[in-house]
Amino acid sequence: MFALLAVEIPYWGQSLLRVLGGLVAVLLPAGTIVYLFLFKMMSFMQSRLGPMEAGPYGSLQLVAEVGKWLQKEDIQPESADKPIFKMAPIVVLMSTFLLVVVVPFGPDAWFTDFETGVFYALAVSSISVLGILMAGWSSANKYSLLGGLRAAGQLIAYELPMVLAVMGVVIQAGTMNLQQIVFAQNASSMFGFDGVGNPYVLTQFVGFVVFMIAIQAELTQAPFDMPIAESELVSGYMTEYSGFRFLIFFIGEFATAGVFAMIASTLFLGGWGIPFAWFGWTSMDDVSNWMNIAGPIIVITKMLVLTFLIMWVRFTYPRFREDQLQRFAWKVLIPVSLANIMATAVLKVAF
Amino acid sequence: MAKVPGLIKGLGITFGTMMRTFKNGSNTVQYPHEKETPPIRARGVIALHQDNCTSCMLCSRSCPDWCIYIEAHKELAPPRREGGKPRQVNMLDRFDIDYALCMYCGICVEVCPFDALFWSPEYEYSEPNITDLLHDKTKLSEWMETVPEAPELEVGADKKKK
Amino acid sequence: MTILNDPVSAKLGNRQQLSYIASQAADARLNVELETEGMTLNIGPQHPATHGTLRIIARLDGEQVVWAEPSCGYMHRGYEKLTEVRTFPQVTTLVNRIDWLGSFANEVPFILAAEKLMGVEAPPRAQWIRTILFELSRIANVSLFLGDLGVQLGAITPVFLAFRDREYVLNLIESATGGRFHPNFDRIGGLKDDLPAGWIDETKVVMKKLRNFCDEIETLLFGNEIFQSRTRGIGVIPRDVALQYGLSGANLRASGVDWDLRRDQDIALAYNKVDFKVWTHPDGDSFARCWIRLQETREATLIVDKLLDGIPSGPVMAKVPKIIKVPEGEAWVSTENPLGEMGYYVVSRGDLGPFRVKIRSASFNNISITPWLLRGVYVPDIITILASLYFILGDIDR
């Protein structure tokens with residue numbers, strides 16, 4: 001990662017840079033998503049303008065909101081289990097930070113290069129369930145408890161289709177390393193035509209749809225937002241949180257949306273890469289250095305496209321009921337993704 | 001066939017609204033910067049034409065929540081004709097309306113027999129403190145300037161007006 | 001289980017009740033070993049789904065409701081008592097606030113009752129304008145319901161579309177009466193004033209926009225498969241039960257009872273001058289109730305259009321004395337308000353004000369079915385059912 005800087009950086013410096021990079025990679029997309037989609041796109045879909053006063057065209061609204069939340073009193077319910085109550089938001093945000101670690105941003109711009117990156121990402125993403133359960137249980141509130149339990153049931157149910165959907169990609173790429181998956185998508189060709197590489201959104205379309213639905217549920221966005229369900233459970237597991245603890249949940253929600261969209265773009269849209277055939281690159285070493293700068297921009301662009309989809313669905317659909325959601329996961333998504341795996345495997349062997 | 005369209009069409013509606021907002025602007029108004037003009041008949045605030053008021057107390061008595069306070073004293077005015085008796089007139093000391101209580105029903109404006117009370121569409125008189133909403137006769141008279149002419153009536157209306 | 005004589009509704013009603021009994025039996029078998037205590041969940045008084053301060057006490061077994069009871073009165077303002085110390089012209093401004101979304105519709109039955117006692121009748125032009133404004137307030141009320149329905153079920157966009165288009169209707173009401181929410185435009189013997197110039201053309205444009213809004217909501221919400229799966233078969237009210245609990249308005253028509261006071265009674269309003277369709281739905285579930293309201297909003301815009309074409313000319317005020325004293329007597333007038341049947345029983349002793357007024361508001365009767373209806377449903381369905389029953393808190397508590 002630091003080869004392009006051509007300077008020797010001590011280990012602590014590298015670690016510091018990594019932490020800073022991680023913070024930027026989590027918070028910048030989160031802020032962008034909140035401003036672009038939550039504030040502006042939602043408003044435009046409802047024929048209004050959204051925040052306009054803070055900064056030019058309301059662009060500093062998020063800063064103002066953060067300032068507001070930081071000033072608020074830190075309220076904890078009297079009968080809450082205080083240590084767990086305080087820990088829950090941090091656990092939720094932690095899973096986001098752990099998740100961003102495996103996302104590659106360029107040929108050399110990555111935090112870690114895991115051989116089993118996909119496996120790690122899917123494993124780490126379920127830590128947030130723990131945080132949500134902790135929040136729901138420790139709040140000492142019936143609504144929170146219901147929300148936490150719903151969240152647990154839902155997230156566990158949707159973990160499975162997500163894993164199964166990714167399986168197709170893994171079979172096709174032949175690796176679990178995200179960097180290699182990016183390479184496999186951009187360097188290969190489809191039926192002899194290499195103009196667009198081979199983004200798996202085309203060949204693994206079923207897997208892509210299942211994965212997007214599963215992350216929609218994983219992020220608890222409508223139509224799968226029953227754990228939050230503000231009209232039923234007030235705010236579900238977040239009901240008792242205020243001030244900066246709520247802020248952490250809030251950042252966690254949208255940062256996770258961003259990071260999941262990044263992973264989806266890495267798995268299905270070719271990640272940081274653009275079709276290598278355009279520049280005549282054939283191996284990982286051929287990729288020129290400027291991709292380290294362009295890569296993050298490309299990833300963020302693809303992420304924004306995917307978050308647009310997520311948010312668009314969120315602002316349009318009403319929510320499912322809990323049992324309907326479980327039925328949908330077990331009776332539709334899982335069989336479909338299993339069939340997808342089978343078809344992929346057969347075709348992989350055939351070609 | 002029947003499964004997909006409902007969901008997709010819904011997405012189309014939100015996307016269409018977004019595009020329309022981009023193109024034609026929003027339906028909302030950025031309030032302090034641009035203002036909508038309320039209709040002529042809008043019941044914004046009650047204005048008082050002091051000269052017409054005879055402090056007959058009709059408005060005060062007909063108010064459903066008794067938010068009009070009137071005080072007056074009697075004075076002798078010079079007679080109209082030479083050698084006549086001096087007239088007795090009511091001098092208005094106090095005419096307050098408590099807008100914190102007012103229900104904006106307009107009964108006082110209607111019952112006033114001397115056309116001393118009028119509706120004005122003026123609406124920007126909110127106060128940070130509820131007690132400051134008690135407005136006295138000078139303030140009420142200032143609003144007289146904002147009172148518009150009564151609107152033309154729709155076709156078919158009975159033209160003779162009171 | 002004694003309800004069921006009508007074969008269609010018997011099937012529908014049985015389905016809900018029987019599935020509840022079956023699940024209870026299954027649970028009972030299981031719970032012999034895993035005996036768990038139920039949980040009492042207070043939905044309200046402060047809860048986003050009760051739009052106001054209604055409190056529903058629900059006894060839960062998991063997410064299933066075993067027993068539920070609405071507890072109302074948190075917003076009781078005592079209108080029946082307040083009217084006793086007001087004069088007749090003052091009462092209309094009070095009753096405006098009962099159903100605050102369709103205020104104008106609240107005045108009409110009271111004024112009609114007072115007119116009945118006095119033996120005056122408003123001139124035809126006043127009756128037509130009253131009917132138009134009545135339907136406009138119905139549109140203002142129900143269009144917000146259509147948007148709010150989305151919010152209750154988790155879709156955020158419809159409510160903003162509803163507020164956007166409802167604003168046009170409120171602007172119309174304001175430009176005619178002077179008050180956006182509380183018009184206070186009815187007088188005994190007619191109306192306060194005639195319409196302002198250009199109002200009719202403006203209204204026709206707005207009605208077109210509202211029909212467009214109805215189409216939008218129909219695609220965005222009613223065509224959505226998730227919405228349908230959330231509402232179809234949920235909260236089924238069979239015909240007999242609906243009648244027993246005294247439901248009215250769209251809730252009753254959704255259970256297949258063809259009953260609409262606009263059409264079925266001869267009243268001093270212009271409804272009998274125009275043709276309109278009374279929509280009914282055989283299912284009686286939440287979807288039917290919502291669908292009926294959507295159709296009624298569309299129908300109301302058509303009624304307004306037809307009425308606008310035929311407004312007679314003439315005065316808007318009959319000859320009434322300046323100081324209104326209503327002769328001794330009793331009168332009951334009810335109309336088909338946006339929420340259902342609303343009526344006033346006015347008792348006068350010949351004074352300036354009424355001696356006693358009994359207000360029959362629709363929502364109070366409509367929510368009285370909730371203990372029966374909520375048994376055996378899931379927590380999310382409570383919200384669906386409450387939303388589809390559609391009550392206004394002011395209309396329940398008065």
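The values are calculated or read from the model by the stated rules, or taken from the named source; none is laboratory data. Because the structure is predicted, anything quoted here is derived from the model rather than measured. Note that each Cβ is placed from the backbone with ideal geometry, even for glycine, and that neighbours are counted across all protein chains shown.
Take the residues in segment B:32-71 that are assigned to a loop (DSSP other than H, G, I, E, B) and more than 12 Å from every other protein chain (Cβ to nearest Cβ); name whichever of them is nearest to B:Met103 (Cα to Cα). Steps first, answer last, please.
Taking segment B:32-71 and keeping what is assigned to a loop (DSSP other than H, G, I, E, B), we get B:32-44, B:49, B:53-57, B:63-67.
Now drop any that are not more than 12 Å from every other protein chain (Cβ to nearest Cβ), which leaves B:35, B:49, B:53-57, B:67.
Numbers: B:Lys35: 24, B:His49: 21, B:Cys53: 22, B:Thr54: 24, B:Ser55: 21, B:Cys56: 21, B:Met57: 18, B:Cys67: 9 Å.
Once the filter is applied, the top-ranked residue is B:Cys67.
Using the structure shown, decide if A:Gly106 is surrounded by 24 or more Cβ atoms within 10 Å (Cβ to Cβ), part of a loop (DSSP other than H, G, I, E, B) and over 13 Å from the mean Cα position of the chain (by Cα).
yes
Go through segment C:149-191 and give me each residue that's charged (D, E, K, R) and within 14 Å of chain A (Cβ to nearest Cβ).
First, pick out the residues of segment C:149-191 that are charged (D, E, K, R): C:164-167, C:174, C:180, C:186-187.
The answer is C:Arg164, C:Asp165, C:Arg166, C:Glu167.
Mind checking which residues of segment C:66-83 are outside any loop (DSSP other than H, G, I, E, B) and either more than 13 Å from every other protein chain (Cβ to nearest Cβ) or surrounded by fewer than 23 Cβ atoms within 10 Å (Cβ to Cβ) (or both)?
Across segment C:66-83, the qualifying residues are C:Val66, C:Trp67, C:Ala68, C:Glu69, C:Pro70, C:Ser71, C:Tyr79, C:Glu80, C:Lys81, C:Leu82.
Residue by residue through segment A:156-178, note down the ones that are over 15 Å from A:Ile341 (Cα atoms) and surrounded by 24 or more Cβ atoms within 10 Å (Cβ to Cβ).
Within segment A:156-178, A:Tyr158, A:Leu178 meet the criteria.
Scan segment A:226-238 for residues that are at negative phi, surrounded by 24 or more Cβ atoms within 10 Å (Cβ to Cβ) and touching a residue at least 40 places away in the same chain (Cβ under 8 Å) and report the count.
Residues flagged as at negative phi, surrounded by 24 or more Cβ atoms within 10 Å (Cβ to Cβ) and touching a residue at least 40 places away in the same chain (Cβ under 8 Å) within segment A:226-238 amount to 6.
From A:Ala135, A:Ala121, grab the single residue that is out of contact with any Gly (no Cβ under 9 Å at 6 or more places or on another chain), crowded, with 20+ Cβ neighbours inside 10 Å and outside any loop (DSSP other than H, G, I, E, B).
It is A:Ala121.
Within the set of pairs 6 or more residues apart or between chains, which connect a residue that is farther than 19 Å from A:Leu247 by Cα inside segment A:91-119 to a residue that is assigned to a loop (DSSP other than H, G, I, E, B) and small (Gly, Ala, Ser) with Cβ atoms less than 7 Å apart?
Correct list of pairs: A:Pro104/A:Gly271.
With respect to C:Trp372, is the statement that it is of a type outside the set (Val, Ile, Thr), in a strand (DSSP E or B) and surrounded by fewer than 24 Cβ atoms within 10 Å (Cβ to Cβ) true?
Working: of a type outside the set (Val, Ile, Thr): yes; in a strand (DSSP E or B): no; surrounded by fewer than 24 Cβ atoms within 10 Å (Cβ to Cβ): yes.
In short, no.
Condition test on C:Ser388, is it within 14 Å of chain A (Cβ to nearest Cβ), under 17 Å from the mean Cα position of the chain (by Cα) and assigned to a helix (DSSP H, G or I)?
yes
Which of the following residues is assigned to a loop (DSSP other than H, G, I, E, B) and either surrounded by 13 or more Cβ atoms within 10 Å (Cβ to Cβ) or at pLDDT below 85 (or both): B:Glu122, B:Glu110, B:Glu142?
Every option except B:Glu122 fails the conditions.
Condition (residue is touching a Gly at 6+ places or on another chain (Cβ under 8 Å) and either buried (at least 16 other Cβ atoms within 10 Å of the Cβ) or within 14 Å of chain C (Cβ to nearest Cβ) (or both)) applied to segment A:15-27: is it met by at least one residue?
Residues of segment A:15-27 touching a Gly at 6+ places or on another chain (Cβ under 8 Å): A:26.
Narrowing further to those that are either buried (at least 16 other Cβ atoms within 10 Å of the Cβ) or within 14 Å of chain C (Cβ to nearest Cβ) (or both): A:26.
Yes, because at least one residue in segment A:15-27 is touching a Gly at 6+ places or on another chain (Cβ under 8 Å) and either buried (at least 16 other Cβ atoms within 10 Å of the Cβ) or within 14 Å of chain C (Cβ to nearest Cβ) (or both).
Sort out which residues of segment C:193-219 are among the aromatic types (Phe, Trp, Tyr) and at the interface with chain B (Cβ under 8 Å from one of its Cβ atoms), and write them in order of number.
Of everything in segment C:193-219, just one residue is among the aromatic types (Phe, Trp, Tyr) and at the interface with chain B (Cβ under 8 Å from one of its Cβ atoms), namely C:Trp199.
Report, by residue number, each residue of segment B:76-107 that is closer than 19 Å to B:Gln50 by Cβ and over 14 Å from the mean Cα position of the chain (by Cα).
Result: B:Ala77, B:Arg87, B:Gln88, B:Val89, B:Asn90, B:Met91, B:Leu92, B:Asp93, B:Arg94, B:Phe95, B:Asp96.
Which of the helices (runs of 4 or more DSSP H) found entirely inside segment C:223-300 contain at least 2 residues meeting this: charged (D, E, K, R)?
Qualifying helices (runs of 4 or more DSSP H): C:225-231, C:239-244, C:261-264.
Go through segment C:84-190 and tell me which helices (runs of 4 or more DSSP H), entirely inside it, have 3 or more residues that are surrounded by fewer than 24 Cβ atoms within 10 Å (Cβ to Cβ) and among the aromatic types (Phe, Trp, Tyr).
In segment C:84-190, C:157-177 are the helices (runs of 4 or more DSSP H) which contain 3 or more residues that are surrounded by fewer than 24 Cβ atoms within 10 Å (Cβ to Cβ) and among the aromatic types (Phe, Trp, Tyr).
Applying the selection to segment A:50-71, what residues are in a loop (DSSP other than H, G, I, E, B), without any contact (Cβ under 8 Å) to a residue 12 or more places away in the chain and within 17 Å of B:Val29 (Cα to Cα)?
Residues of segment A:50-71 that are in a loop (DSSP other than H, G, I, E, B), as a first pass: A:50-55, A:59-60.
Okay, now just the ones that are also without any contact (Cβ under 8 Å) to a residue 12 or more places away in the chain, so A:50, A:52-55, A:60.
Within segment A:50-71, A:Gly50, A:Met52, A:Glu53, A:Ala54 qualify.
Limited to segment A:306-351, what total is found for residues that are within 19 Å of B:Gly6 (Cα to Cα), under 20 Å from the mean Cα position of the chain (by Cα) and among the aliphatic types (A, V, I, L, M)?
Final tally of qualifying residues: 4.
For segment A:72-92, enumerate the residues that are part of a helix (DSSP H, G or I) and either within 14 Å of chain C (Cβ to nearest Cβ) or among the charged types (D, E, K, R) (or both). Steps first, answer last, please.
Our first condition is that a residue be part of a helix (DSSP H, G or I); within segment A:72-92, this holds for A:82-92.
Within segment A:72-92, A:Lys82, A:Lys86 meet the criteria.
Taking C:Leu41 as the residue in question, decide whether it is modelled with pLDDT of 60 or more, within 13 Å of chain A (Cβ to nearest Cβ) and either touching a Gly at 6+ places or on another chain (Cβ under 7 Å) or assigned to a helix (DSSP H, G or I) (or both).
Considered against the rule, which asks whether it is modelled with pLDDT of 60 or more, within 13 Å of chain A (Cβ to nearest Cβ) and either touching a Gly at 6+ places or on another chain (Cβ under 7 Å) or assigned to a helix (DSSP H, G or I) (or both), C:Leu41 comes out as no.
Considering segment A:9-24 alone, what residues qualify as being aliphatic (A, V, I, L, M) and not in a loop (DSSP other than H, G, I, E, B)? Quick ask: steps written out before the conclusion?
So the first thing to find is which residues in segment A:9-24 are aliphatic (A, V, I, L, M), and the list is A:9, A:16-17, A:19-20, A:23-24.
Hits for segment A:9-24 are A:Leu16, A:Leu17, A:Val19, A:Leu20, A:Leu23, A:Val24.
Looking at A:Gly50, is it small (Gly, Ala, Ser), within 14 Å of chain C (Cβ to nearest Cβ), touching a Phe, Trp or Tyr at 6+ places or on another chain (Cβ under 8 Å) and over 14 Å from A:Met311 (Cα atoms)?
When the stated conditions are applied, A:Gly50 passes them.
Among A:Gln216, A:Gln154, A:Gln221, A:Gln179, which is in contact (Cβ under 8 Å) with a residue 60 or more places away in the chain and more than 14 Å from every other protein chain (Cβ to nearest Cβ)?
That would be A:Gln179, the only listed residue that is in contact (Cβ under 8 Å) with a residue 60 or more places away in the chain and more than 14 Å from every other protein chain (Cβ to nearest Cβ).
Would you check if there is a residue in segment C:133-155 being of a type in the set (D, E, K, R), closer than 30 Å to A:Ser231 by Cβ, in contact with a Lys or Arg (Cβ under 7 Å, 6 or more places away or on another chain) and modelled with pLDDT under 90?
Looking only at segment C:133-155, we keep the residues that are of a type in the set (D, E, K, R), and these are C:135, C:138, C:148.
Within this subset, residues satisfying the condition of being closer than 30 Å to A:Ser231 by Cβ are C:135, C:138, C:148.
Within this subset, residues satisfying the condition of being in contact with a Lys or Arg (Cβ under 7 Å, 6 or more places away or on another chain) are none.
No; the residues of segment C:133-155 include none that is of a type in the set (D, E, K, R), closer than 30 Å to A:Ser231 by Cβ, in contact with a Lys or Arg (Cβ under 7 Å, 6 or more places away or on another chain) and modelled with pLDDT under 90.
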